[in-house]
Amino acid sequence: QVQLVESGGGLVQAGGSLRLSCAASGSIFSINAMGWYRQAPGKQRELVATITSGFSTNYADSVKGRFAISRDNAKNTVYLQMNSLKPEDTAVYYCNANLRTIATYNYREFWGQGTLVTVSS
């Protein structure tokens, strides 16, 4: 059994900052890439940022220069530092991990339950 648990969402004013955390736990053998996605009301889920086990990062154009993704491999945790937040960043943010469990040989995607970020203007 694998769980991804997000924390750190909330309400913030435009221009403010938030830091999201996501900890993976359970019968984990190895984690490949981890990332953050978001889904705004009435829109499709979209990629925000990803980070490989070797710490290579990738960002959506809309968050480049404002958001920073990082991870702690020893803690199986990924973070998203969000600065200069805008109302259009309002969404439910989901953690994602491509990982292999102890019981399997294949890597597959796992998702957290989501954490709401609301940016007021």
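The values are calculated or read from the model by the stated rules, or taken from the named source; none is laboratory data. What you see is a predicted model; the values in this text were computed from it and never measured. Here the Cβ is made from the backbone with ideal geometry for all residues, glycine too, and neighbour counts use every protein chain on show. Quick note on the areas: whole protein, heavy atoms, side chains included, nothing else; ligands and nucleic acids left out. Shrake-Rupley method; radii C 1.70, N 1.55, O 1.52, S 1.80 Å.
Here are a few things to note about the model shown:
- Within region 18-74, considering residues that are among the hydrophobic types (A, V, I, L, M, F, W, C) and over 15 Å from the mean Cα position of the chain (by Cα), the one least open to solvent (accessible area, probe 1.4 Å): ILE28
- The listed residues are THR52, THR77, THR90, THR101, and the only one of them that is free of Cβ contacts under 8 Å to residues at least 24 places away in the same chain and among the β-branched types (Val, Ile, Thr) turns out to be THR52.
- Residues of region 85-110 that turn out to be open to solvent by 90 Å² or more (accessible area, probe 1.4 Å) and either within 17 Å of ALA40 (Cβ to Cβ) or among the polar types (S, T, N, Q) (or both), as a count: 2
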